[in-house]
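Structure first, commentary second.
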């Protein structure tokens, strides 16, 4: 029978075990399910998460540049970045253009000259959530500034690819707008999609080169404008809520 370790060593081992038990594990990313397998991708905010998302976006915004290089001509300023992202992540360029058009209209700055940011913290041309950008940055070697056009477009393309692999087209657009957990709950019959998401998919789907709206569970007709709170609130942009957090602040 092996002898027990000396008392000092045993005490050290016990202390190490206690410290390990008390130290929370860092957030993990498994590729499909988001942070620690919970599927939120930075979308399921809650009250505390909403404040944290806004604060992180504010920090990023404070460090953003006042001007960014434009790689393309005036009629297609972001074309080179869109083509690069399309090739890198295997996402049709037209899909990236459709999402960018819906999210930001291709604008870098809002009416006050500040980097375009939604009230819940979605950032830049593709309106990427802060936590999502943090993880995609580590995975794909992106830069420290989520507002930088190339990195923002690459992050959006990476996320679209992941959502397409899960939900197909145009289901990825619903997940881009409402978050994957909300879409999974909708497909399971446990929740309905927000009106803003229905209008989002109805607006984007015809631009994806699909027959109609893609059929199946995501074959939505747009609501009447007077019934669409996103159009009332943001003149065609996104109604920003924790359930649908990617709308553009206008």
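The values are calculated or read from the model by the stated rules, or taken from the named source; none is laboratory data. Everything quoted here is computed from the prediction, not taken from an experiment. Neighbour counts run over all protein chains shown; Cβ positions are idealised from the backbone, glycine included.
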Scanning segment 38-59 for residues that are part of a loop (DSSP other than H, G, I, E, B) and either under 18 Å from residue 122 (Cα atoms) or in contact with a strand residue (DSSP E or B) (Cβ under 9 Å, 6 or more places away or on another chain) (or both), which turns out modelled with the lowest pLDDT? 39
Over 25 Å from residue 218 (Cα atoms), free of Cβ contacts under 8 Å to residues at least 60 places away in the same chain and either part of a helix (DSSP H, G or I) or in contact with a helix residue (DSSP H, G or I) (Cβ under 9 Å, 6 or more places away or on another chain) (or both) - does that describe any residue in segment 156-173? no
Can residue 121 be described as at positive phi and buried (at least 21 other Cβ atoms within 10 Å of the Cβ)? yes
Test for residue 62: is it modelled with pLDDT of 85 or more and either closer than 26 Å to residue 97 by Cα or surrounded by 14 or more Cβ atoms within 10 Å (Cβ to Cβ) (or both): no
Checking 205, 217, 155 in turn, the sole residue that is farther than 19 Å from residue 52 by Cα and in contact with a strand residue (DSSP E or B) (Cβ under 6 Å, 6 or more places away or on another chain) turns out to be 155
Which condition from (1) touching a strand residue (DSSP E or B) at 6+ places or on another chain (Cβ under 6 Å); (2) at pLDDT below 90 is the one that residue 28 breaks? (1)
Based on what the data block shows, is residue 69 out of contact with any helix residue (DSSP H, G or I) (no Cβ under 6 Å at 6 or more places or on another chain), part of a loop (DSSP other than H, G, I, E, B), surrounded by fewer than 16 Cβ atoms within 10 Å (Cβ to Cβ) and modelled with pLDDT of 95 or more? yes
Any residue at all in segment 103-116 that is part of a helix (DSSP H, G or I) and surrounded by 24 or more Cβ atoms within 10 Å (Cβ to Cβ)? yes
Check on residue 136, surrounded by 20 or more Cβ atoms within 10 Å (Cβ to Cβ), touching a helix residue (DSSP H, G or I) at 6+ places or on another chain (Cβ under 7 Å) and without any contact (Cβ under 8 Å) to a residue 24 or more places away in the chain: yes
All but one of (1) modelled with pLDDT of 95 or more; (2) part of a loop (DSSP other than H, G, I, E, B); (3) farther than 15 Å from residue 64 by Cβ; (4) in contact with a strand residue (DSSP E or B) (Cβ under 9 Å, 6 or more places away or on another chain) hold for residue 120; which doesn't? (1)
